[in-house]
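Remarks on the structure that follows.
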Amino acid sequence: MSVRETTTLRWIRASLAVFLKDWRSELRTRYAMSALVMFVVTTISIILFSLGGEGASPEVLAGMLWVVIFFAAMSGLSRTFVMEEERGTGMTLQLLTPPGAVFAGKLLFNLVLGAGLTLLTVVLYAFFINGFIVRTLSIFLLTIALGSVGLAAASTIIAAIIARANTKGTLYPVLSFPILLPLLMTVINATRLASDGAPLGEAAGEFQILISYIVVVITVSTLLFEYIWKD
Amino acid sequence: MTLRILLGVLLTLVIVAALGLPMVQHPQHWYEFPSIPGLEEKARIIFFHVPTAWLSVMAFITSMIYGIRYLRRKDPMDDLTSASAAGLGLLFCVLATVTGAIWAKFNWGSYWNWDPRETSIFVLLLIYGAYFSLRAAVEVEEKRATLSSVYSIIAAVTVPFFVFIMPRIMTGLHPGAKGDPDGAGPVIEFKMSLNMRVVFFSSLIAFTLLFLWMLSLRVRTARLEYHHQPKG
């Protein structure tokens with residue numbers, strides 16, 4: 001067993017510890033979860049009221065699904081970093097854990113939260129919105145999976161930035177939207193393909209974009225996180 | 001000083017040539033532009049619209065490079081340059097959007113069509129807006145500089161998705177979009193006549209010099225302000 005391996009192991013253990021810490025404190029207060037759930041429920045009911053029993057075209061509904069997911073993510077995914085600033089625990093975490101492990105732990109937390117959020121939204125959306133049909137399930141599932149990973153990746157680093165700024169809530173969607181737009185445009189396109197019943201191969205280009213987006217965003221975030229995190 | 005004089009002469013020549021030279025059906029002389037059916041006099045926008053868009057992208061890249069330099073050296077002057085470049089970028093981004101929209105009304109029928117290039121300049125506007133809102137929200141100088149540098153780098157890595165990838169999968173109206181008979185891609189083969197090309201590239205050079213001059217002016221004022229602010 002070399003020294004290098006043990007440091008990697010320690011790094012993994014540290015990031016898991018950050019993840020578990022966040023998870024535990026989330027389960028105690030259920031702040032982010034309840035915000036997310038209520039946001040999804042509220043937005044879907046607004047869509048239902050505004051449709052008023054009339055259907056909309058599958059294309060519009062495919063886009064609307066991601067509107068719900070985007071704004072719900074904006075209501076809850078910044079919690080993990082803002083919490084540290086509010087409680088004043090950031091400094092201790094800085095002293096005890098390497099920045100890379102903090103970022104990995106927080107990213108993991110947001111990935112879980114983001115996956116839960118998309119799953120909930122999709123289930124409620126499919127249940128309540130009548131005109132929403134998915135003809136190619138494989139495209140749809142892959143889009144949902146890659147979309148929620150990309151969403152969590154980009155919103156984690158932006159959350160780290162806004163936690164350090166003075167206005168924590170209002171800036172979050174403003175800063176995230178331009179970064180997330182390539183992702184949103186691609187997932188909306190792919191969801192449309194899924195509801196049109198296109199074969200899986202036709203969405204290959206979209207999946208390539210999504211995967212490269214995820215890789216690029218996570219790499220850059222890991223490189224830059226240290227500058228944001230350290231005082 | 002020499003830059004200023006050179007710039008004045010060059011820009012005057014470009015403006016006179018771009019607006020004044022006649023457009024005729026079959027050019028006989030070196031000073032006559034060929035008239036493109038369907039575009040005619042409206043083709044002259046390319047001498048100004050493309051350089052403004054080019055300049056706003058260049059300002060964005062400059063801002064990012066100085067952001068990286070700030071993160072490495074923590075010199076507040078780098079942050080001043082980065083913010084000044086971004087301010088110029090925002091100005092020229094608005095100019096490119098407005099000139100393009102007015103032109104689109106007359107040539108394509110409506111002010112805004114969500115063609116891929118229009119989408120990407122819209123995103124650039126959003127990024128600049130977000131960048132300045134972030135700067136306004138942070139009071140501590142050092143923190144503001146770090147956070148805005150990081151944001152401009154993250155924003156910069158997502159921009160290639162718009163410039164290189166989106167135009168290929170979306171159909172559009174600008175040259176180089178999907179469905180363009182001359183092939184899709186960010187690099188467009190020039191089909192301009194030689195004299196138009198000369199004016200076009202001189203305009204690009206003139207606008208680049210304009211950017212450098214305006215940037216140095218802004219950096220110098222920002223530096224004076226920085227050194228003369230009351231220390232609290």
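None of the figures in this text is laboratory data; all of them are computed from the coordinates on show. Nothing here was measured: the structure is a model prediction, and the numbers come from that model. Because the Cβ atoms are built from the backbone with ideal geometry, glycine has one as well, and the counts that use them run over all protein chains shown.
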Shielding of B:146-159 by partner chains, average beta-carbon count, 10 Å: 6
FRET efficiency, 1/(1 + (r/R0)^6) with R0 22 Å, evaluated for A:Arg24 and A:Val123 via beta carbons: 0.25
Taking 8 Å as the Cα distance limit and 6 or more residues as the minimum spacing, I'd like the relative contact order of region A:3-229 as a percentage. 28 percent
Can you pull the one-decimal nm distance between simple spin-label points at B:Ile61 and B:Val198, each 7 Å off the Cα toward Cβ? 2.7 nm
Name the residue from A:Leu146, A:Gly63, A:Ile46 whose Cα lies farthest towards the positive end of the charge dipole of chain A, charges +1 on Cβ of Lys and Arg and -1 on Cβ of Asp and Glu. A:Leu146
Rounded to whole angstrom, the alpha-carbon centroid of region A:93-163 lies from that of region A:1-50 at a distance of 10 Å
Quick check for you: which residues of region A:28-61 have the amide N under 17 Å from the point 7 Å beyond the Cα of A:Arg135 toward its beta carbon? A:56-61
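Show me A:19-29, A:191-201 ranked by packing, highest mean number of other Cβ atoms within 10 Å first.
Numbers: A:19-29: 14.4, A:191-201: 17.3.
Those peptides, ordered most packed to least, come out A:191-201, A:19-29.
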At a 10 angstrom cut-off on C-beta neighbours, averaged per residue, how do the peptides A:133-142, B:144-153, B:28-37, A:115-124 rank from highest to lowest? B:144-153, A:115-124, A:133-142, B:28-37
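Quick one: which of B:87-98, B:14-25 comes out on top by average Cβ neighbours within 10 Å, and what's the full order, highest first?
Values: B:87-98: 20.0, B:14-25: 14.2.
The densest-packed peptide leads the list: B:87-98, B:14-25.
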Net charge near A:Ala101, counting Lys/Arg +1 and Asp/Glu -1 over other residues with Cβ under 12 Å of its Cβ? +3
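Partner chain Cβ atoms within 10 Å, averaged over the residues of A:208-220 - can you pull that number for me?
On the way: counts 1, 4, 0, 0, 3, 4, 0, 0, 5, 3, 0, 1, 6.
The shielding value for this peptide is 2.
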What are the ³J(HN,Hα) couplings of region A:87-96, residue after residue, when phi is run through the Karplus curve with 6.51, -1.76, 1.60 and θ = phi - 60°? Round to Hz, x for glycine and proline. 8, x, 9, x, 4, 4, 4, 4, 6, 8
HN-Hα couplings for region B:84-89 via Karplus (6.51, -1.76, 1.60; θ = phi - 60°), in whole Hz with x for Gly/Pro, come out as 5, 4, 5, x, 5, x
List, in order, the whole-Hz ³J(HN,Hα) value for each residue of region B:51-67 obtained from phi through the Karplus relation with A = 6.51, B = -1.76, C = 1.60 and θ = phi - 60°; use x for Gly and Pro. x, 5, 5, 4, 5, 5, 5, 5, 4, 4, 5, 4, 4, 5, 4, 5, x
Region B:191-221 and region B:26-105: distance between their alpha carbon centers, rounded to Å: 9 Å
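Using the crude model of +1 on Lys and Arg Cβ and -1 on Asp and Glu Cβ, and no other charge, please compute the dipole size for region A:3-229 relative to its Cα centre, in debye to 20.
Numbers: 14 positive and 12 negative charges, 151 e Å.
In debye, rounded to 20, region A:3-229 gives about 720.
Once you have the Kirkwood Rh of chain A from its Cα pairs, apply Stokes-Einstein at 4 °C and 1.567 mPa s and quote D in µm²/s.
Details: Rh = 18.6 Å.
For these conditions, the coefficient is 70 µm²/s.
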222 nm [θ] for chain B, helices only, -39500 (n - 2.57) per DSSP H run of 4+, per residue, to 500? -24000 deg cm²/dmol
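Can you give the average number of partner chain beta-carbon atoms within 10 Å of each beta-carbon in peptide A:181-187, as a whole number?
Details: counts 10, 10, 2, 0, 8, 4, 0.
Partner-chain Cβ atoms within 10 Å, mean over residues of A:181-187: 5.
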